Amino acid sequence: MMDLLTMVNYGSSSSSLSDKRSYQSFLRTVSSNSGQVQLIIRILQRFGWNWVAFIGCNNEYSRDALHLFNDGIRNTNICLAYQEELKQDTKYNVTFHNINMLHINVIIVYTLQSYAIAFIDSAILKKQHDKVWIASDAWSLNKVLRTHKGVDTIGTIIGVTERVQDLPGFPDFVYKSLAHSKHLECEKEPLQDFMPACNQACNACSSVHPKNITNEDPSYNFAIYSAVYVVAKALHNLLHCDTNGCNKTELLYPYKLLKEIKKSNFTLLNQQIKFDENGDPPSRYNIVFWNLASSSPFQHVGSYDTNPTVQFHMNDSLIRWHTNGTIPVSRCSEECEKGSARRPYGIFKCCFECDVCPNGTYINNSAGPFKCIACKKTEWSNPGSTSCEQRSVEYVHMTEHLSILLLLSVSFMFALAAAIGVLFACNYSTPVVKSAGGKMCFLMLGCLSCSGVSVFFYFGVPNHVKCALRNPIFALFYTVCLSCLTVRSFQIVCVFKMAAKLPRAYDWWVKHNGQWLFIAVASTVQLIFCALSSLKPHNDTVTCKKQIIMGCDTGSPISSSTGIYFIGFVGMLCFIFSYMGTDLPKNYNESKSITFSVLLFYMSWIAYFTIYSIYKGKYLPVFNAFSILTSSCGILLSYFMPKCYVILFQPEKNTQAHFQSSIQDYTQKISRM
């Protein structure tokens, strides 16, 4: 470290020089390529140009910039569609052919002046129009190229340049320094003739005219000036210089000078001079537009500064675009419409087709433009959406009109069943009550009322209790009631038709209370089915995209409906036995009432399952509850109400004599057959 000689460079911009492991004593007053490339990327992003070409030359300046550019666009939507390294024998017609074939409208020309001039001249010759040319700092302020004929026809030129800082008195200093130069004589006489009188501090033999210096690219003036100044200031500090002079006895080692320069932090011509840990100064760039129609062709339109934070400003309105004032377009694919995802094709990420996001999905371009994101289960969206909407939660409220109507109907059924029970209790010893089933009637009325209770579980917010009880309560108690009707029909048929033909079977039935045994078996089977098909709360997010329908999970349609199928089987037995008794005495003939109640059960549940197969909306529980109510009321109205009518309004038919006469008439009818 002690042997390192400090170098403060004012022209090398390669980013590799920032590597302090290789270049420990290297510092510079010119910005690294890294800052310039970042600025070019920002310009591309500002105007939405993502399909570009990068033209460099065969030197470290261009190769370093190309490497930085590829790294810089890796996490952006910019694609480097074409790149080429210019050489002395480059065939420009092939280059422009390739660029045009790829429909590239923005070309970054990051080369030295000589290559840039040759390339732009070739573009003029090949009549390359309607392009945007982004010039690197090596040629962005080239005063010679701007005078070439036809340069105004190739499109729009935007340049990136080191910030130009005027040096007060510099032109006067140049003219004064070269005022006594014998540059004309130097052109005529051999240089060695002046050697005895010249050394490196002598301008006597200089053939450079002052205009040659003042007409050079001014962007490097301040870099050179500040490089000299920073070394001088470091020496001034180390040698403890003041108005009386410097300490000439001070030993000055290279490492001390390097350390002092690295600590530099001062203001020079309103610009802060300092170095970062890599020995680089803050990046300061201007953006210029080549306004060739103006007397000041290099028009300042923006700036880029990294000190103290990154600041990027650009006034787009100052740029006179070659496309009739509109910003040129350079894209592989047009932007997708809102609500569409990109589907890439080829090797470039900015080449894509657009797919509209379907129902239930949306596209969030900030999160990623290539994938439609599924909405949450509590949300919905239309095709082509950029966000999801909250779903409304739907269920059948207790306060809805249909709910109130059904609940009032169930309450009326309870009252009617209670009234019938009281009426039958008061007339328990009469033939009508005994022929209806006697004690079994009260069991049937109680089961009908209990089956109606299940209607209350179909309204309000579904929970575990409601879902677990709504079907089993109806299925179990309605099975008991229908089993009572079945055995009642069977007993009547046995008494009148089978007792004489099958006496032993009839005796066994009576002895072992066959009717109660059948009811118990049927109820047990139904109880098993109910236990196997317990329902749970379920939120339907599939049927309606804008709604979440709260209900109970039916699971498999077969397993959840097994109880209804079994009721249908018992009802079929009831129907068969009642049909067998169609010719029995009128007082014992229940075929019409039983047939009506069974058919009403079948019709209501067939209607429900039909609706279930085509409708899965909010009001499906209403249809289910209506089927339950219809089934229960069918037995109540068709079986019990006619008997109540006889008890109340035809008491003469509710006598033992009337029933005996009916039996005698049936016996005589049978004997005549």
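The values are calculated or read from the model by the stated rules, or taken from the named source; none is laboratory data. Keep in mind that what you see is a predicted model, and the values were worked out from it rather than measured. A quick note on method: Cβ atoms are made from the backbone with ideal geometry, for glycine too, and the neighbour counts reach across all protein chains shown.
Observations on the model:
- Flag if Gly48 is in contact with a Ser or Thr (Cβ under 9 Å, 6 or more places away or on another chain) and buried (at least 22 other Cβ atoms within 10 Å of the Cβ): no
- Checked against (1) hydroxyl-bearing (Ser, Thr, Tyr); (2) surrounded by 14 or more Cβ atoms within 10 Å (Cβ to Cβ); (3) under 30 Å from Tyr225 (Cβ atoms), Ser114 passes all but a single condition, namely (2).
- With respect to (1) closer than 30 Å to Leu292 by Cβ; (2) surrounded by 12 or more Cβ atoms within 10 Å (Cβ to Cβ); (3) of a type in the set (Gly, Ala, Ser), the lone exception for Gly339 is condition (1).
- Of the helices (runs of 4 or more DSSP H) entirely within segment 383-460, those holding at least 3 residues that are under 60 Å from the mean Cα position of the chain (by Cα) occupy 401-426, 439-453.
- Some residue of segment 329-352 being in a strand (DSSP E or B), without any contact (Cβ under 8 Å) to a residue 24 or more places away in the chain and within 27 Å of Tyr82 (Cβ to Cβ): yes
- Residues within segment 588-619 that are within 16 Å of Ile567 (Cβ to Cβ) and among the small types (Gly, Ala, Ser), tallied: 3
- Sole residue being surrounded by fewer than 16 Cβ atoms within 10 Å (Cβ to Cβ), farther than 30 Å from His103 by Cβ, among the aliphatic types (A, V, I, L, M) and not assigned by TED's automatic domain parsing to the domain that holds Lys545, chosen from Ala374, Ala367: Ala374
- Listed by first and then second residue, the pairs with beta-carbon distance under 9 Å, at least 6 apart or on different chains, first residue in segment 307-321 and farther than 25 Å from Ser294 by Cα, second part of a loop (DSSP other than H, G, I, E, B), are Asn307/Pro281; Asn307/Pro282; Asn307/Ser283; Pro308/Pro282; Val310/Ser283.
- Assessment of segment 387-394 against the conditions (more than 30 Å from Gly634 (Cα to Cα) and acidic (Asp, Glu)) yields at least one matching residue.
- Qualifying positions in segment 233-268 - in contact (Cβ under 8 Å) with a residue 40 or more places away in the chain and either within 22 Å of Asp280 (Cα to Cα) or among the acidic types (Asp, Glu) (or both): Pro254, Tyr255, Leu257, Leu258, Ile261, Lys262, Leu268
- Candidates Ile43, Ile99 - the one that is farther than 30 Å from Ala367 by Cβ and either among the small types (Gly, Ala, Ser) or touching a residue at least 40 places away in the same chain (Cβ under 8 Å) (or both): Ile99
- Checking the stated criteria, Gly446 turns out to be assigned by TED's automatic domain parsing to the domain that holds Asp540 and either of a type outside the set (Val, Ile, Thr) or crowded, with 19+ Cβ neighbours inside 10 Å (or both).
- Residues that are crowded, with 19+ Cβ neighbours inside 10 Å and among the polar types (S, T, N, Q), drawn from segment 377-392: Ser381, Ser385
- For segment 562-580, the set of residues classified as surrounded by fewer than 21 Cβ atoms within 10 Å (Cβ to Cβ) and of a type in the set (S, T, N, Q) consists of Thr562 only.
- Thr326 within 35 Å of the chain's Cα centre (by Cα) and of a type in the set (Val, Ile, Thr): yes
- For segment 129-154, the tally of residues that are buried (at least 20 other Cβ atoms within 10 Å of the Cβ) and part of a loop (DSSP other than H, G, I, E, B) stands at 7.
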